[in-house]
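Trainee: Sharing a structure with you now.
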Amino acid sequence: MPIREIRHPLIRHKLGLMRRADISTKNFRELAQEVGALLTYEATQDLPLESYRIEGWCGPVEVEKIAGKKITVVPILRAGIGMLDGVLQLIPSAKVSVVGLARNEETLVAQTYLEKLVPEIDQRLALIIDPMLATGGSMAATIDMLKKAGCREIRALVLVAAPEGIALLNERHPDVTIYTASIDDHLNESGYIIPGLGDAGDKVFGTQQKA
Ligand SMILES: O=P(O)(O)OC[C@H]1O[C@H](OP(=O)(O)OP(=O)(O)O)[C@H](O)[C@@H]1O
Ligand SMILES: O=c1cc[nH]c(=O)[nH]1
Ligand SMILES: [Mg+2]
């Protein structure tokens, strides 16, 4: 399974800001959208193009468009919503399939509570978005769901990936490329990515407990 760690200076800089313990909800949200957009740029580099003619200012001109590739963006609730606007800024006409999964904090097993996929998903490229790939359970369950619905081309965009999650996807879904801003070090005993970002859902929605 290809894993692409995008070590672009803008991404490194923004991710560094996101790791600060004292980051505000506003700044975390803004940066998640921005890094989401930069990962989208990378993940769509190889979309096929086709030429067509238009009437330009100086006469007919040959231009290009993305060739018949329909896209669905798949945010994994809740935290995936934190990247959605950034992705849609670059692909404004993409349809959005929403998947709700929550990880049980003791067992770390992801439970599905919502599956709202767009029509004709079998003909679309799916871009799954979630800030965190930790054990990989949530991402693997989402890919299972999309494949069951007939989706054949799937890419995953995550801000931070743990080696454990990468290994799980490598085993279960070797055909899915993961684009990430950082491959981090490891998971702690509670299943959090180290150094990671902390609880991304809480940070996007402002639901974290004050220390
Ligand atoms: O790779 P995994 O071990 O499955 O963990 C990663 C998942 O955990 C977080 O969501 P969480 O379950 O905390 O839900 P939330 O977004 O509603 O906070 C995160 O956004 C991923 O979806
Ligand atoms: O580090 C982690 C792991 C899972 N979910 C998060 O939000 N953060
Ligand atoms: Mg959470």
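Trainee: Would you compute, from DSSP H runs of 4+ residues alone, the mean residue ellipticity of the chain at 222 nm, taking -39500 (n - 2.57) per run and dividing by the full residue count, rounded to the nearest 500?
Mentor: Helices in the chain give a 222 nm mean residue ellipticity of -9500 deg cm²/dmol.
Trainee: When only alpha-carbon atoms are used, what values of Rg and Dmax, in angstrom, describe the range 57-148?
Mentor: 16.4, 65
Trainee: Moving on. Charges at C-beta only: +1 for Lys and Arg, -1 for Asp and Glu. How large is the resulting dipole of the chain about its Cα centre, in Debye rounded to 20?
Mentor: Result for the chain is approximately 360 debye, rounded to the nearest 20.
Trainee: Between Ala67, Ala43, Ala200, find the one with the highest GNM mean-square fluctuation for the chain; connect C-alpha pairs within less than 10 Å.
Mentor: The residue that fluctuates most here is Ala67.
Trainee: Looking at the chain, what % of its DSSP beta bridges pair antiparallel, to the nearest 5?
Mentor: If we restrict to bridges inside the chain, about 40 percent are antiparallel.
Trainee: If you don't mind, there's one more thing I want to ask. For the chain, what % of the accessible area comes from carbon and sulfur atoms, probe 1.4 Å? Show your work: numbers first, answer last.
Mentor: Details: 5690 of 10960 Å².
Roughly 52 percent, rounded to a whole number.
Trainee: Using only Cα positions of the range 23-108, each an equal point scatterer, no hydration layer, compute I(q)/I(0) via Debye at q = 0.17 Å⁻¹ and quote the log10 values to two decimals.
Mentor: -0.84
Trainee: Using 7 Å Cα-to-Cβ label points, what is the Glu115/Arg12 separation (nm, one decimal)?
Mentor: Going from the Glu115 label point to the Arg12 one covers 4.2 nm.
Trainee: DSSP loop (so not H, G, I, E, B), at most 10 other Cβ within 10 Å: list which GluC sites (Glu not before Pro) in the range 119-206 pass both filters. Walk me through the numbers before you get to the answer.
Mentor: On the way: sites: Glu120, Glu153, Glu164, Glu171, Glu189; in loops: Glu120, Glu189.
Within the range 119-206, the qualifying GluC sites (Glu not before Pro) (loop, at most 10 other Cβ atoms within 10 Å) are Glu189.
Trainee: What per residue convex hull volume, in Å³, comes out for the range 44-200 when only alpha-carbon positions are used?
Mentor: 120
Trainee: Mind listing which chymotrypsin sites (Phe, Trp or Tyr not before Pro) in the range 30-71 are in a DSSP loop and have 16 or fewer other Cβ atoms within 10 Å? Could you put the intermediate results ahead of the total?
Mentor: On the way: sites: Tyr41, Tyr52, Trp57; in loops: Trp57.
The qualifying sites are Trp57.
Trainee: How much accessible area per residue does the chain have, in Å², with a 1.4 Å probe?
Mentor: Accessible area per residue, the chain: 52 Å².
The values are calculated or read from the model by the stated rules, or taken from the named source; none is laboratory data. Small disclaimer: the values here were computed from a predicted structure and weren't measured. Neighbour counts are summed over all protein chains in view; Cβ atoms, including those assigned to glycine, are modelled from backbone coordinates with ideal geometry. Surface areas here come from the heavy atoms of the whole protein model, side chains and all, with no ligands, DNA or RNA. Shrake-Rupley method; radii C 1.70, N 1.55, O 1.52, S 1.80 Å.
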